[in-house]
Amino acid sequence: MFVIALGLLGGGLMAQQANHKESERQVNVILTADIVGQSTTEQITMLRTYVKNHIGSTIDFTLSGSFNRAQVAAAAYKDALAKAEQANSVIYAQAQAACASIKNAIDQTRCNQQYLNSHLQNVQLPEPVADPVQSDYYYKLVSPPWTADVAGSLFVDAIIAFVLATLSLIFVKEPHK
């Protein structure tokens, strides 16, 4: 009976390892899709469900493709913003130069405002893009300590077999010769 219990325990450990391998396979599919820019939402949802229902399938990963694209977008925003600010600085300087000959402060202010109103609207400011936070792209999926999958069932069966084997040693006596 102990041999059966050990066999069931070994089977449970093998099934648990297979669960982890399946998690790794699913993560590889997700990371491949992420690198080429495909949506991974559905695949991540499926992986979450798998991990929740399979003992030993705990896994963590980072969507580096999405994170890298977010970094590029944030850098492009900063670059475009700097160019827009530079263009605005030039327009402000041009307004000052165009209106410098006006000696009356109120008239000079009006001249500057008219110049700015007609030229600043031509400078397109980019849509804001926040710097990405790497933890937003990190996933740690933890399986429960026991699930009713093949591995979990084999572990329960192994425990039952150990208990039965132990009880049989205690209560079953060999017949007298």
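The values are calculated or read from the model by the stated rules, or taken from the named source; none is laboratory data. In this text the structure is predicted, and so the values were computed from the model without any measurement. For neighbour counting, all protein chains shown are included, and Cβ atoms are generated from backbone atoms with ideal geometry for every residue, glycine included.
Read through the list (1) more than 27 Å from Leu8 (Cα to Cα); (2) among the β-branched types (Val, Ile, Thr); (3) at pLDDT below 90, then give the number of the only condition that Val172 fails.
(1)
Matching residues to (1) outside the structural domain of Lys21 (by TED's automatic domain parsing); (2) more than 42 Å from the chain's Cα centre (by Cα); (3) within 30 Å of Met14 (Cβ to Cβ); (4) part of a helix (DSSP H, G or I):
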{"site": "Tyr50", "(1), (2), (3), (4)": "no, no, yes, yes"}
{"site": "Ala70", "(1), (2), (3), (4)": "yes, no, no, yes"}
{"site": "Ala73", "(1), (2), (3), (4)": "yes, no, no, yes"}
{"site": "Ala76", "(1), (2), (3), (4)": "yes, no, no, yes"}
{"site": "Ala84", "(1), (2), (3), (4)": "yes, no, no, yes"}
{"site": "Gln94", "(1), (2), (3), (4)": "yes, yes, no, yes"}
{"site": "Lys103", "(1), (2), (3), (4)": "yes, yes, no, no"}
{"site": "Ile106", "(1), (2), (3), (4)": "yes, yes, no, yes"}
{"site": "Arg110", "(1), (2), (3), (4)": "yes, yes, no, yes"}
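Taking the criterion of being touching a residue at least 12 places away in the same chain (Cβ under 8 Å), closer than 30 Å to Lys21 by Cα and surrounded by 14 or more Cβ atoms within 10 Å (Cβ to Cβ), would at least one residue in the stretch 115-138 satisfy it?
The answer is yes; a qualifying residue exists.
Being under 38 Å from the mean Cα position of the chain (by Cα), part of a loop (DSSP other than H, G, I, E, B) and assigned by TED's automatic domain parsing to the domain that holds Thr40: is that true of Ala130 here? Don't jump to the end; show me each part of the working.
Working: under 38 Å from the mean Cα position of the chain (by Cα): yes; part of a loop (DSSP other than H, G, I, E, B): yes; assigned by TED's automatic domain parsing to the domain that holds Thr40: no.
It is false that Ala130 is under 38 Å from the mean Cα position of the chain (by Cα), part of a loop (DSSP other than H, G, I, E, B) and assigned by TED's automatic domain parsing to the domain that holds Thr40.
So, in the stretch 19-47, exactly how many residues are assigned to a helix (DSSP H, G or I) and either in contact with a strand residue (DSSP E or B) (Cβ under 6 Å, 6 or more places away or on another chain) or touching a residue at least 12 places away in the same chain (Cβ under 8 Å) (or both)?
Looking only at the stretch 19-47, we keep the residues that are assigned to a helix (DSSP H, G or I), and these are 19-35, 41-47.
Narrowing further to those that are either in contact with a strand residue (DSSP E or B) (Cβ under 6 Å, 6 or more places away or on another chain) or touching a residue at least 12 places away in the same chain (Cβ under 8 Å) (or both): 19-20, 22-24, 26-27, 29-31, 34-35, 43-44, 46-47.
Summing the residues that are assigned to a helix (DSSP H, G or I) and either in contact with a strand residue (DSSP E or B) (Cβ under 6 Å, 6 or more places away or on another chain) or touching a residue at least 12 places away in the same chain (Cβ under 8 Å) (or both) in the stretch 19-47 gives 16.
Exactly one of (1) of a type in the set (Gly, Ala, Ser); (2) in contact with a Pro (Cβ under 6 Å, 6 or more places away or on another chain); (3) more than 30 Å from Leu120 (Cβ to Cβ) is unmet by Ala80. Its number?
Among (1) of a type in the set (Gly, Ala, Ser); (2) in contact with a Pro (Cβ under 6 Å, 6 or more places away or on another chain); (3) more than 30 Å from Leu120 (Cβ to Cβ), the lone unmet condition for Ala80 is (3).
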